[in-house]
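First comes the structure, then the notes that go with it.
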Amino acid sequence: MTQVAIAPSLLSADFSRIAEQIAEVDEAGAEYLHLDVMDGRFVPNITWGPKIIGDLRHLSAKTFDCHLMIVEPERYVGDFRKAGADIITFHYEATPHAQRLLTHIRSLGAKAGISLCPQTPVAMLQDIIDDCDLVLIMSVNPGFGGQKFIPRSLEKLREARALIDARNPSCILEVDGGVGEENLRDVVEAGARAIVMGSSIFGSGSPGETTRRMRSLAAGV
Ligand code: DX5
Ligand code: ZN
């Protein structure tokens, strides 16, 4: 039985019923709530900031998995930590000093995550893998929910799995974008242990039931 965390992405949730939607996936056993922060600069879309995350914090005790798709993430990680983020993941492509930022996030008491866009090779993590608590492989170009999974991402997951196993086995390997029932097994087999799912969970009509099904499918791999 494989230990896999399911991370429903609130990007695809209905915010007019957010308390109810969070309760559904929480009660269904989702380990993380994935919160996509977008600034309209690093990615061509805008979502929410620390205020909203702080308000949502009261609705669930699950791990708040904050995915920052913003330029100059070093300016804001303190605010996201104060708002209640448990994992803070920034983009390798968004800052010149990734190692410093990973260390800083850890010093705030959060897990430090780094994410790679589809064009960034896993090899870029070679010299900073010791400082990572989580590696997030983007399997779509960040910015929007509901996009198609980029097949090459499976090879990137295998490469990241090998690097993590060799150098920092407690580091979590996460995948984000275009994952649903049809390719869940593939990403788990490739080494992912935290699976972000937005449209496949919240677009399903029954987020709770879908979360339960995904959890049992992932555990069975
Ligand atoms: C995209 C976000 C994802 C998004 C995934 O930039 O980082 O977390 O919610 O959505 P799906 O699962 O629909 O591809
Ligand atoms: Zn995300």
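Just so you know, all these numbers are worked out from the coordinates, no wet-lab data involved. Just so it is clear, the model here is predicted, and its values are computed rather than measured. Neighbour counts run over all protein chains shown; Cβ positions are idealised from the backbone, glycine included.
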Can you work out ³J(HN,Hα) from phi for every residue in segment 139-144, in order, using Karplus 6.51 cos²θ - 1.76 cosθ + 1.60 and θ = phi - 60°, giving whole Hz and x for Gly and Pro? 9, 9, 6, x, x, 9
Starting at 0 and stepping by 10 Å, how many percent of the alpha carbon pairs of segment 1-105 end up in each bin? 14, 46, 31, 9, 0
With x for Gly and Pro, the residue-by-residue ³J(HN,Hα) of segment 100-105, computed from phi through the Karplus equation 6.51 cos²θ - 1.76 cosθ + 1.60 at θ = phi - 60° and given in whole Hz, is 4, 5, 4, 5, 5, 4
For the chain, calculated [θ]222 nm from helices alone, where every DSSP H run of n ≥ 4 adds -39500 (n - 2.57): -9500 deg cm²/dmol
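Based on DSSP, what percent of beta bridges with both residues in the chain are antiparallel, to the nearest 5? Mind dumping the intermediate values first?
Working: 1 of 33 bridges.
Antiparallel bridges: around 5 percent, rounded to the nearest 5.
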I'd like the per residue volume of the convex hull spanned by the Cα atoms of segment 141-190, given in cubic angstrom. 83 Å³
Enclosed volume per residue, in Å³, of the convex hull spanned by Cα atoms of segment 98-219: 113 Å³
For the chain, divide the Cα radius of gyration by the Kirkwood radius and give the resulting Rg/Rh value with two decimals. 0.93
Cut-off under 17 Å on the C-alpha distance; same-chain residues fewer than 8 positions from Lys111 excluded. Which lysines are left, in chain and number order? Lys62, Lys82
Determine the dipole magnitude for segment 5-219: charges of +1 sit on the beta-carbon of Lys and Arg, -1 on that of Asp and Glu, nothing else is charged, the reference point is the Cα centre, and the result goes in debye to the nearest 20. 160 debye
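Restrict the search to segment 1-72; then list the trypsin sites (Lys or Arg not before Pro) that DSSP places in a loop and that have at most 14 other Cβ atoms within 10 Å of their Cβ.
Numbers: sites: Arg17, Arg41, Lys51, Arg57, Lys62; in loops: Arg41, Lys62.
Within segment 1-72, the qualifying trypsin sites (Lys or Arg not before Pro) (loop, at most 14 other Cβ atoms within 10 Å) are Arg41.
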Can you tell me the order of 87-94, 22-29, 72-79 when each peptide is scored by its average per-residue count of other Cβ atoms within 10 angstrom, highest first? 87-94, 22-29, 72-79
